[in-house]
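I have placed the structure first, in the form of structure tokens, so that the comments after it can refer back to it.
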Amino acid sequence: MAPEDFDVIVIGGGPAGENAAAYAIAGSDRTAALVEHELVGGECSYWACMPSKALLRPVEVLGTARHMPGVEEKVNAYGLDTEAVLARRDGFTHNLDDSSQVLWADSVGIDVIRGTARITGVREVTVGDRVLRARHAVVLATGTRASVPDLPGLRDALPWTSRDATNVREVPARLAVVGGGVVACEAATWMHELGADEVTLLVRGSALLERTEPFAGELVAEKLRKHGVNVRFGTSLQTASRPGAADTGVGRIHGGPVTLTVSGDGSDSELTVDELLVATGRTPATTGLGLDLFGLPDHGYVGVDDHLTVTGVDGEWLYAVGDVNGRALLTHMGKYQARVCGDVIAARAEGRPLDGPRFVASADHGQVPQVVFTTPEVAAVGRTESQARADGLDTEVVTVDIDVAGAALSRDDYSGRASLVIDRATDTVVGATFVGSGVAELVHAATVAVVGKVPLESLWHAVPSYPTVSEVWLRLLEARRDR
Ligand SMILES: Cc1cc2nc3c(=O)[nH]c(=O)nc-3n(C[C@H](O)[C@H](O)[C@H](O)COP(=O)(O)OP(=O)(O)OC[C@H]3O[C@@H](n4cnc5c(N)ncnc54)[C@H](O)[C@@H]3O)c2cc1C
């Protein structure tokens, strides 16, 4: 077939790829092709952010209702209506139908091409028997997939990955979750509330959510345990055995019981469960992409500079955005990089200089916000105390309980904690962490303070409204002032 020409070719139609394509052609007559071999919308829309948050929101609402006199009397005898929760989740994932995303792509002038893409030359991408050529740029946005470690019997046992947990259709009575990170903690939270009677978290280290401030993981572990989840630190899965493993479909129990050998807790022990969820990390989708043509490894994350241009490839035509570059495995960060990348491609295509901060992905460095939607929620931005010290900053930390009128009003059992990491040299906030019900909405104020390098003496004049949970900002500033 004759080669087809586009200005920009994006490989991978997840949130990062969609945004890179849209920004690269916005307001111009440039053309873009978006190549996708599963669903346009990517992991986030169908198997990650959207379904997981659709499952967790009812957990938060019920938790609040259970601690609200006047409401709790009406709900305490009941749990979630699992069927209704799953149906709402299916609404958010459009029952794994991407036609609305394809319509959006079409509406902004992006051609969606179905199939698996690989790079076959400079500015050249092959999809099946179609050869696509890019006048300006090729963008890699292929994301990651769940890693399943190569342990004896594990892969043959067909364990669940995050795709099954987020698309759960059959709730196992006994579930083991391997991992102690965000996916493991969030999934343990929703699976327990959806009706899994016994949830066991097998955590290799001694803490949950190890990349956040230690108090965040401690509070989440405390609440999981209070709700009956068995959190086992210092344990590691050795073997799995499931004679009746069967590929029954995503989110369905994959055969009969699984027997696990677990080391740690002092000795090896066996654990038999109805399903096993492996949440031990992600693998970048780079194998088979053709990067070896340019002397780059065909596995692992793709290195980029702050314009999102792939390092080690000449000619400034190859870019990588989102999970695949490993800078911050979060949808909002992938979309941010995509905006920067799209603007860079547009400027280079028009011969404009890359003048100004818009063309530099600076937020990837020490300014990344993240929310973990556990009970309690964890919301953080920037550096933790240990990261700030490791970066050589003159670090000061203030930590307070979230004990303000807005918190007490929001639910009777409110408890939480907040901290600011301060760089004494500039007297600015370089990191913030909030743990508590509903703190997800607090983190953007902290992000503005960190990115804007707002001096603490100015924050003193940013008065939080009464009675809101935001008043914890005042407590933090007062704690600092009293020193
Ligand atoms: C359970 C879970 C919950 C999460 N929750 C959140 C959250 O609440 N908030 C948040 O910010 N982040 C969350 N994340 C992370 C988020 O899902 C990712 O950061 C985000 O999806 C990355 O977007 P992306 O566009 O880089 O990649 P993806 O969304 O993975 O999209 C990549 C796309 O590329 C396609 N593709 C790959 N290779 C090829 C190829 N060779 N040819 C054609 N197409 C290809 C894939 O089919 C896929 O559609 C969560 C992740 C998980 C696992």
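Sequence gap at least 6, Cα distance under 8 Å: using those rules, report the relative contact order of the chain to the nearest whole percent. Each step should come with its number before you reach the end.
On the way: 1053 pairs, mean separation 71.6, N = 483.
Relative contact order of the chain: 15 percent.
Which three semi-axes in whole Å describe the equivalent ellipsoid of segment 371-415, each the square root of 5 times a Cα gyration tensor eigenvalue, listed largest first?
Gyration-tensor ellipsoid for segment 371-415: 28, 14, 7 Å.
Whole-Hz Karplus ³J(HN,Hα) for segment 330-344, in order, using 6.51 cos²θ - 1.76 cosθ + 1.60 and θ = phi - 60°, x for Gly and Pro?
9, 4, 5, 6, x, 5, 4, 4, 5, 5, 4, 4, x, 5, 5
Tell me, what ³J(HN,Hα) does each residue in segment 129-145 have, in order and in whole Hz, if you take phi through Karplus 6.51 cos²θ - 1.76 cosθ + 1.60 with θ = phi - 60° and put x for Gly and Pro?
Whole-Hz 3J(HN,Hα) from phi for segment 129-145: 9, 9, 10, 10, 10, 9, 5, 10, 8, 10, 10, 8, 9, 8, x, 9, 10.
What order do you get for Phe359, Phe6 when you list them from fewest to most C-beta neighbours inside 10 Å? Before the final figure, lay out the partial values.
Working: Phe359 19, Phe6 25.
In increasing order of surrounding Cβ atoms, one gets Phe359, Phe6.
Pairs of Cα atoms under 8 Å, at least six residues apart: use those to get the relative contact order of segment 251-389, whole percent. Numbers along the way, then the final one.
Details: 157 pairs, mean separation 17.4, N = 139.
The normalised contact order for segment 251-389 reaches 13 percent.
Pop out the ³J(HN,Hα) list for segment 103-111 in order, Karplus 6.51 cos²θ - 1.76 cosθ + 1.60 with θ = phi - 60°, rounded to Hz; leave Gly and Pro as x.
Calculated HN-Hα couplings, in order: 4, 4, 4, 4, 5, 9, x, 9, 8 Hz.
Non-local amide H neighbours of Leu154 (under 5 Å, H modeled in plane, Pro and chain starts lacking H): which ones?
Here Ala240 satisfy the definition.
How big is the gap, in Å, between the Cα center of segment 22-48 and the Cα center of segment 340-368?
19
Specify, per residue and in Å³, the volume enclosed by the convex hull of the alpha carbon atoms belonging to the chain. Could you put the intermediate results ahead of the total?
Details: hull volume 82.9 nm³, N = 483.
Cα convex hull per residue, to the nearest whole number: 172 Å³.
Net charge within 13 Å of Glu213 by Cβ-Cβ distance, Lys/Arg positive one each and Asp/Glu negative one each, not counting Glu213 itself?
Summing Lys/Arg as +1 and Asp/Glu as -1 gives +1.
Given +1 on the Cβ of Lys and Arg, -1 on the Cβ of Asp and Glu, and no further charges, what dipole in debye does segment 230-369 carry about its Cα centre, rounded to the nearest 20? List each step's numbers first, then the result.
On the way: 10 positive and 17 negative charges, 72 e Å.
The dipole magnitude comes to about 340 debye.
Using R₀ = 25 Å, calculate the FRET efficiency as 1/(1 + (r/R₀)^6) where r is the Cβ-Cβ separation of Asp90 and Asp247; round to 0.05.
Numbers: r = 21 Å, r/R0 = 0.84.
The computed FRET efficiency comes out at 0.75.
Return a whole-number percent for the relative contact order of segment 3-106, with Cα pairs under 8 Å and 6 or more residues apart as the contact set.
26
All of the numbers you see were taken from the coordinates with simple rules; none came from a lab. Everything quoted here is computed from the prediction, not taken from an experiment. For neighbour counting, all protein chains shown are included, and Cβ atoms are generated from backbone atoms with ideal geometry for every residue, glycine included.
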